[in-house]
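Bear in mind that the values in this text are calculations on the coordinates, not laboratory data. In this text the structure is predicted, and so the values were computed from the model without any measurement. Positions of Cβ are generated from backbone atoms using ideal geometry, with glycine treated the same way; all protein chains shown enter the neighbour counts.
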């Protein structure tokens, strides 16, 4: 091969490598932009400042519980007991973001109890709903009595109380909140 052929081949390969590099860079930037867009990071809203009507409505819908004034009121009564500044987590759940593979959520540990701060409102809503739907660490469906109450199927003071005590670990908290829910239940 003569020098002219080698030069053309060199420049052809160099051009191909440059083009491939540009394409990969553009694809990488597009991928990065797509990933960042899908993370849906929102500025942190402390749990005790979250709009509870919206949060509760979305959480109830996720659990496939009909949104009712009773359910909205019951969740609104619950939030002040937690009174947390954990981002997008007004009910102070400890549900791990990695357990929600259907969405891209991130979390940080907010406190020593394992309460999470979430990257968006939708992540906090989903984590709270999934906690109420899927927690079985107590050896059974821990929060079914709370879901039954929210859906207005039944209210058994003791089982609701025991569920809330599992949630928070405090007898006084569980008793006070369950008593408030009993009052709401009786005034439906």
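Some points to look at:
- Computed label-point distance, nm, for sites residue 158 and residue 76 using a 7 Å Cα→Cβ extension: 3.2 nm
- Using a Förster distance of 35 Å, the FRET efficiency for residue 151-residue 48 (Cβ separation, nearest 0.05): 0.85
- Of the residues 157, 99, 167, the one with the fewest other Cβ atoms within 10 Å heads the list, and the complete ranking is 99, 157, 167.
- Region 47-186: Rg to Rh, with Rh as the Kirkwood radius over Cα pairs: 0.93
- Here's the picture: a label point sits 7 Å out from the Cα of residue 141 along the beta-carbon direction, and within region 160-188 the residues with their amide nitrogen under 17 Å of it are 160-164.
- Likely footprinting exposure, 118, 173, fewest C-beta neighbours within 10 Å first: 173, 118
- Averaging the Cα positions of each part gives two centres, and for region 85-106 and region 120-188 these lie 18 Å apart.
- For region 47-186, the relative contact order is 22 percent, taking Cα pairs closer than 8 Å that sit 6 or more residues apart in sequence and dividing their mean separation by the residue count.
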